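Student: Okay, here's the structure, questions in a sec.
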Amino acid sequence: MAAALALEPGRAAAERLWGDMVAAVGVGGVAGPGTFVFHETLYFGFCALWAAADLVPTLRRYKIQPRQAHEERQWSRKKQLRCLKLIIFNHVFIQFPMMMLFHYVADLVGFRIELPLPPMSRLLWQIPIFYVIEDFWFYWLHRFLHWPKIYPLIHKMHHEHTAPFGMAAEYAHPVETVFLGIGTMLGPILFADHMFTVWVWLVFRLWETVEDHSGFDFPWNPTNLIPFWAGSAHHDFHHKTFQGPYSSVFTWCDWLFGTDALFRRQQAELSESKDPNWPRFYPAAFRGAPSMEFLEARRSSRRIAGLEPEGVVSTKEE
Ligand SMILES: [Zn+2]
Ligand SMILES: [Zn+2]
């Protein structure tokens, strides 16, 4: 309730901006061209922020794969240009037509565009639900795309970057782009009734996917406090190994369907590592607990060394 009230002062400013924008592009221009321009601004804006972070030497210690990202020149100009070209192609020839089509879908499902805006407090439950829906859709789509018969045809393209960077987020086969777009819009179609909600959701969704591919994992990232938030380490591991985890937003699908064992083992090993080059602060309790077999093996070795009495089972992170 307090959080909902705190959002209300922003409502007047949001209504003023939204009203000006609708007056400028017209009601018919919001869903298609308006959303396209908004998406481009957000996507390339977020990519530019992460590209700038890549240029700051003191931030390099937060790079998840420092060696691959720099020594193997994942950031080479040629690679970036190729990435940029495909992304522009996808945005113009796949996403823009989908947004134009969404204009009619929005009409069909009763989305409003005009003022007033929906209550800001509604966003507090809608955005988490949109994330849950997108994550579930993405998990199963992603697993299907890794099916060996399908993988070389579509998803292989997205895996060209084994140490990803922000702009690689939407570097994907056009067919994959279509299905990812459907997953993004499922939540709003089911639970929203205003285009403004879609735009707010786009901010959250694009930030999340660009950050997941940024190659950085910051200890002070507020998302570290969100229970079961997967974060960049989760998806970066998938790019590095071509194996699970497959989720986009949360850790629970991979845990539930048993596709994150390798990742959890690596997290456990990292948390044990004495290597100062590994800035290890992963809140593993939130990102999927370390593998039980790893913990059991460690307990056994401690018992043998006489450090832990037999029968004592520690449940906390060690
Ligand atoms: Zn994949
Ligand atoms: Zn990816």
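Student: Could you line up Thr223, Thr259 from fewest to most neighbouring Cβ atoms inside 10 Å? Before the final figure, lay out each step's value.
Tutor: On the way: Thr223 15, Thr259 20.
Least to most surrounded, the residues fall as Thr223, Thr259.
Student: Let me ask something additional. Need the full-extension length gain, Lys78 to Trp147, defined as separation in residues times 0.36 nm minus the C-alpha distance. One decimal, nm. Walk me through the numbers before you get to the answer.
Tutor: Numbers: separation 69, 0.36 × 69 = 24.84 nm, distance 2.96 nm.
Computed gain between Lys78 and Trp147 is 21.9 nm.
Student: Which ³J(HN,Hα) values, rounded to whole Hz and listed in residue order, are derived for the stretch 166-173 from phi using the Karplus coefficients 6.51, -1.76 and 1.60 in 6.51 cos²θ - 1.76 cosθ + 1.60 with θ = phi - 60°, glycine and proline given as x?
Tutor: With the stated coefficients, the stretch 166-173 comes to x, 5, 6, 4, 9, 7, 8, 4 Hz.
Student: In addition: Only counting other Cβ atoms within 10 Å, I'd like Asp254, Asp54 sorted with the fewest neighbours first. Could you put the intermediate results ahead of the total?
Tutor: Numbers: Asp254 23, Asp54 19.
Fewest-to-most Cβ neighbours within 10 Å comes out as Asp54, Asp254.
Student: With θ set to phi - 60° and the Karplus curve 6.51 cos²θ - 1.76 cosθ + 1.60, what are the ³J(HN,Hα) couplings of the stretch 204-213 in order, to the nearest whole Hz, using x for Gly and Pro?
Tutor: After applying 6.51 cos²θ - 1.76 cosθ + 1.60, I find 5, 5, 5, 4, 4, 6, 5, 5, 4, 9 Hz.
Student: Amide H of Ala230 versus every other amide H placed in the peptide plane: which residues, excluding those fewer than 5 positions away on the same chain, fall under 5 Å?
Tutor: Answer set, sorted by chain and number: Phe250, Thr251.
Student: Measuring from label point to label point, each 7 Å out along Cα→Cβ, what is the Ile88 to Arg61 span in nm?
Tutor: For the pair Ile88/Arg61, the computed spacing is 3.9 nm.
Student: Something else now. For the stretch 2-216, with the dipole built from +1 on Lys and Arg beta-carbon atoms and -1 on Asp and Glu ones, taken about the Cα centre, which of Ala48, Ala163, Val37 lies farthest toward the positive end?
Tutor: So the residue we want is Ala163.
Student: Taking H placed 1.01 Å from N in the peptide plane, check which residues at least 5 places from His194 or on another chain put their amide H under 5 Å from its amide H.
Tutor: Arg112
Student: Now, a different point. Please rank Asp236, Asp20, fewest neighbouring Cβ atoms within 10 Å first, as an exposure proxy.
Tutor: Least crowded to most crowded, the residues run Asp20, Asp236.
Student: Report, in debye and to the nearest 20, how large the dipole of the stretch 2-216 comes out about its Cα centre when Lys and Arg carry +1 and Asp and Glu carry -1 on their Cβ. All intermediate terms of the calculation are to be shown ahead of the outcome.
Tutor: Values: 18 positive and 18 negative charges, 172 e Å.
The dipole of the stretch 2-216 has a size of about 820 debye.
Student: With each label point set 7 Å from Cα along the Cα-Cβ vector, what nm distance links Thr241 and Val175?
Tutor: 2.7
Student: Using each residue's phi in the stretch 217-228, evaluate 6.51 cos²θ - 1.76 cosθ + 1.60 at θ = phi - 60° and report the 3J(HN,Hα) Karplus result to the nearest Hz, with x for Gly and Pro.
Tutor: For the stretch 217-228, the Karplus curve yields 9, 8, x, 8, 5, x, 5, 4, 8, 7, x, 6 Hz.
Student: Once the Cβ-Cβ distance between Ala13 and Glu114 is put in as r, and R0 is 25 Å, what FRET efficiency do you end up with, to the nearest 0.05? Please report the intermediate quantities before stating the final value.
Tutor: Values: r = 18 Å, r/R0 = 0.70.
Using R0 = 25 Å, I get an efficiency of 0.90.
Student: Hey, how many Å between the Cα centroid of the stretch 185-213 and the Cα centroid of the stretch 117-162?
Tutor: 12
Student: What is the set of long-range amide H partners of Phe216 at a cut-off below 5 Å, with H atoms built 1.01 Å from backbone N?
Tutor: Hits under the 5 Å cutoff: Ile64.
Student: A further question follows. May I ask which of Lys78/Lys149; Lys85/Lys156; Lys63/Lys85 have a Cα-Cα span longer than 22 Å here?
Tutor: Numbers: Lys78/Lys149 30 Å; Lys85/Lys156 17 Å; Lys63/Lys85 25 Å.
Over 22 Å apart, Cα to Cα: Lys78/Lys149; Lys63/Lys85.
Any read-out appearing in this document is the output of simple, stated calculations on the displayed coordinates, not a laboratory observation. As the structure is a prediction and not an experimental result, all values here were calculated from the model. Positions of Cβ are generated from backbone atoms using ideal geometry, with glycine treated the same way; all protein chains shown enter the neighbour counts.
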